[in-house]
Amino acid sequence: MRLSLLAAEISNLYKKNPKVEAVLLGGSVSRNWHDEFSDIELPVLWKEDPIDKERKEPIHVLKGTIIEFHPYEKEEWSESYTTQGVKIEISNFLTQTVKNISYDVVKTFDTNLEKQCLVASIHDGIPIYGKDVVNNLKKTVEVYPKELSEAMIKENIDLGTRWQNREALLAREDWLMLYDVIVSAQVKVMGLLFGINRLYVHHPLNLKGIQQQHPIAEN
């Protein structure tokens, strides 16, 4: 598949930097859900903080066009660019940060969606470089904790008081508020399904994984 080959080509550029410990193929391509609209998501793990020049060097070699280039925020450096007509999403983390976040999710049962998305990338991602590093991380998150399932269910089981007002909103034709209430309830239901099926949330607004893998909640 072209996207996988391009991901491997890009990874070869990142692994030339001795500060890079691992590169994973993530997102829809790693889960074999990709289509003509898919991009390539590459989490890159560093043992030391990357500088801007190091982050831009692969883009320069690829003759890529930068779309976004973000400074360090929320424990991540991120950038996106296009090359060969494909959008590339890079998420740079310190390896230790990934270890810490994995611990938060599987040991303290943190339901934070951004943390779960990173853990899902490790759980489902395909190691392109640094297989030993990635496989060690995979072992950490291999088993979805029962306690995390319970925390997700507890957090999402109450649809909120606004849901009780849906009939009034419908009668008043207050469409904007009604749609907002419906979406809010759907997100809660998604959280319940991820928790019941013991799946790390790979994207807060994407049920595709549940629909494909678990059409009916498991016992």
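For the range 25-42, filtered to residues that are open to solvent by less than 10 Å² (accessible area, probe 1.4 Å) and within 21 Å of Pro71 (Cα to Cα), the residue that is modelled with the lowest pLDDT is Ile40.
Of the residues making up the range 40-79, those that are touching a residue at least 40 places away in the same chain (Cβ under 8 Å) and of a type in the set (Phe, Trp, Tyr) number 1. Just one of the numbered conditions (1) open to solvent by less than 80 Å² (accessible area, probe 1.4 Å); (2) in contact with a strand residue (DSSP E or B) (Cβ under 6 Å, 6 or more places away or on another chain); (3) of a type in the set (A, V, I, L, M, F, W, C); (4) at pLDDT 95 or above is not true of Val105; which one? It is condition (2) that Val105 fails. State whether the residues of the range 72-79 include one that is in contact with a His (Cβ under 9 Å, 6 or more places away or on another chain), among the polar types (S, T, N, Q), surrounded by 13 or more Cβ atoms within 10 Å (Cβ to Cβ) and outside any helix (DSSP H, G or I). Yes; the residues of the range 72-79 include at least one that is in contact with a His (Cβ under 9 Å, 6 or more places away or on another chain), among the polar types (S, T, N, Q), surrounded by 13 or more Cβ atoms within 10 Å (Cβ to Cβ) and outside any helix (DSSP H, G or I). For the condition surrounded by fewer than 19 Cβ atoms within 10 Å (Cβ to Cβ), hydrophobic (A, V, I, L, M, F, W, C) and within 20 Å of Lys188 (Cα to Cα), Ile157 qualifies. Look at (1) in a strand (DSSP E or B); (2) touching a residue at least 24 places away in the same chain (Cβ under 8 Å); (3) open to solvent by 20 Å² or more (accessible area, probe 1.4 Å); (4) over 17 Å from Lys47 (Cα atoms) and you find that Ile88 fails only one, number (3). In the set (1) assigned to a helix (DSSP H, G or I); (2) within 28 Å of Ser11 (Cα to Cα), Ile128 fails one condition alone, (1).
Looking across Ile101, Ile90, one residue alone is farther than 21 Å from Leu6 by Cα, within 18 Å of the chain's Cα centre (by Cα) and among the β-branched types (Val, Ile, Thr). It is Ile101.
Of all residues being touching a residue at least 12 places away in the same chain (Cβ under 8 Å), of a type outside the set (Lys, Arg) and out of contact with any Phe, Trp or Tyr (no Cβ under 7 Å at 6 or more places or on another chain) in the range 111-121, which is surrounded by the most Cβ atoms within 10 Å (Cβ to Cβ)? Just the residue, please. The residue in question is Leu118. Would it be correct to say that Gly195 is crowded, with 17+ Cβ neighbours inside 10 Å, small (Gly, Ala, Ser) and either at pLDDT 95 or above or under 30 Å from Leu6 (Cα atoms) (or both)? The answer is yes for Gly195. For the range 47-65, the condition holds for no residue, the condition being that it is at pLDDT 95 or above, open to solvent by less than 80 Å² (accessible area, probe 1.4 Å) and assigned to a strand (DSSP E or B).
For the range 163-180, how many residues meet the condition of being part of a helix (DSSP H, G or I), among the charged types (D, E, K, R) and either farther than 25 Å from Leu193 by Cβ or open to solvent by 100 Å² or more (accessible area, probe 1.4 Å) (or both)? Final tally of qualifying residues: 1. Return the total of residues in the range 138-162 being assigned to a helix (DSSP H, G or I) and either modelled with pLDDT of 95 or more or farther than 30 Å from Met177 by Cα (or both). Qualifying residue count for the region: 13.
A residue that is without any contact (Cβ under 8 Å) to a residue 60 or more places away in the chain and open to solvent by less than 70 Å² (accessible area, probe 1.4 Å) occurs nowhere in the range 123-130.
The values are calculated or read from the model by the stated rules, or taken from the named source; none is laboratory data. The structure presented is a predicted model; accordingly, all values stated were derived computationally and were not measured. With ideal geometry, Cβ positions are generated from the backbone for all residues, glycine too; neighbour counts draw on all protein chains shown. These accessible areas exclude ligands, DNA and RNA; they are computed on the full protein's heavy atoms, side chains included. Shrake-Rupley method; radii C 1.70, N 1.55, O 1.52, S 1.80 Å.
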